[in-house]
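Below: the structure, in structure tokens.
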Amino acid sequence: MCRIILCIYFSLFSVSSFGWWDKEHQIVAIIAEKNLSHVAKKQVNILLNDDNLSDVANWADTIKSQSKWSHSKSWHYMNIDKNQNFASYKTIVGGDILWALNYFYQQLKKTDNPLKKRREALMFFIHLVGDIHQPLHAGKASDKGGNMVPVIWKNQSRITNLHKVWDGLLTQTDLSPAKVSRKIDNSSSSDRAVWQDASFQSWVKESSDLIENIYDFGDKNKGKKIINLGVQYQLINRPIAEKRMLQAGVRLAHYLNLAFEVKPPVTLAP
Ligand SMILES: [Zn+2]
């Protein structure tokens with residue numbers, strides 16, 4: 001019994017707020033690469049020293065454990081309480097994901113910023129666009145975005161949590177990120193046009209709107225302390241997670257294209 005409690009404790013508290021796992025962030029980045037304009041691709045190459053977007057897509061998660069970057073943890077999510085609606089949400093001290101998306105996008109666009117600052121801004125932006133499309137990054141404050149909801153996934157013996165299910169267990173596959181990106185990219189040009197025409201705030205709202213369905217665990221889990229999820233839950237929710245990755249990739253490319261677009265030289269009227 002003691003071992004089970006320890007196991008639950010370890011699995012609930014050890015992960016806190018990791019975003020989509022490596023593979024999911026890479027899939028978002030690969031989709032974005034394919035949709036970059038020629039100009040944006042060139043600028044991104046310079047800023048990233050010829051690394052690809054997918055090479056740096058997880059950088060922002062890897063630095064969180066360093067004391068120098070511990071203040072960046074809250075930039076990966078925002079939690080909205082039950083009694084709080086989206087409109088009344090107030091940014092937390094130190095900044096949340098919506099603040100960070102706006103901040104780093106502005107820093108990236110500032111051509112008079114030092115190269116290092118723009119590079120960091122780009123790496124944060126690439127990662128955070130992925131994070132905010134994982135719906136539980138705009139989840140409930142009461143259970144820390146699903147981190148405190150214990151889950152048995154597909155009858156595995158180790159107890160995990162709902163956040164981890166959405167971070168990667170739901171979309172787990174043997175296929176490479178490149179293959180998954182091709183498989184899930186079924187968007188039409190009109191889909192892309194609608195998705196691109198959306199603000200950072202609306203991305204958060206979309207994630208937040210999915211929360212109710214995410215907590216629909218079916219009748220067999222009613223009243224249970226540990227939720228048992230498997231094939232049925234995956235069948236319903238995997239397409240939603242894949243669509244969110246696709247939207248994130250298309251939107252990341254769109255915002256980078258806008259950030260680096262060549263503006264016509266200003267001319268004075270005669
Ligand atoms: Zn993250």
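The values are calculated or read from the model by the stated rules, or taken from the named source; none is laboratory data. Since we're looking at a predicted model, the values are computed, not measured. Reconstructed Cβ throughout: ideal geometry from the backbone, glycine too, with neighbour counts over all protein chains shown.
Mind checking which pairs have a first residue in region 54-68 that is assigned to a helix (DSSP H, G or I) and more than 12 Å from the ligand (Cβ to nearest atom) and a second that is modelled with pLDDT of 95 or more and not charged (D, E, K, R), Cβ under 7 Å, 6 or more apart or different chains?
Between residues of region 54-68 that are assigned to a helix (DSSP H, G or I) and more than 12 Å from the ligand (Cβ to nearest atom) and residues that are modelled with pLDDT of 95 or more and not charged (D, E, K, R), the close pairs are 54/26; 54/29; 54/30; 54/177; 56/48; 56/123; 56/126.
Would you please list the contacts, defined by Cβ atoms under 9 Å and residues six or more apart or on different chains, that run from a residue in region 77-88 that is closer than 15 Å to residue 201 by Cβ and modelled with pLDDT under 70 to a residue that is part of a loop (DSSP other than H, G, I, E, B) and away from the ligand (no atom under 16 Å from the Cβ)?
What qualifies is 86/80.
Restricting to region 167-194, name every residue that is farther than 18 Å from residue 133 by Cα, part of a helix (DSSP H, G or I) and not hydroxyl-bearing (Ser, Thr, Tyr).
Listed by number, the residues that qualify are 178, 179, 182, 183.
Take region 75-100 and flag every residue that is away from the ligand (no atom under 12 Å from the Cβ) and in a helix (DSSP H, G or I).
Listed by number, the residues that qualify are 86, 87, 88, 98, 99.
List the residue pairs whose Cβ atoms are under 8 Å apart, where the first residue sits in region 124-140 and is of a type in the set (Asp, Glu), the second is near the ligand (Cβ under 9 Å from one of its atoms), and the two are 6 or more positions apart or on different chains.
Close Cβ pairs (under 8 Å, with a partner that is near the ligand (Cβ under 9 Å from one of its atoms)) amount to 131/19; 131/20; 131/76; 131/77; 131/97; 131/137.
Condition check ((1) of a type outside the set (Lys, Arg); (2) within 16 Å of the ligand (Cβ to nearest atom); (3) modelled with pLDDT of 95 or more) across all residues:
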position	(1), (2), (3)
3	no, no, no
6	yes, no, no
11	yes, no, no
15	yes, yes, no
22	yes, yes, no
28	yes, yes, yes
47	yes, no, yes
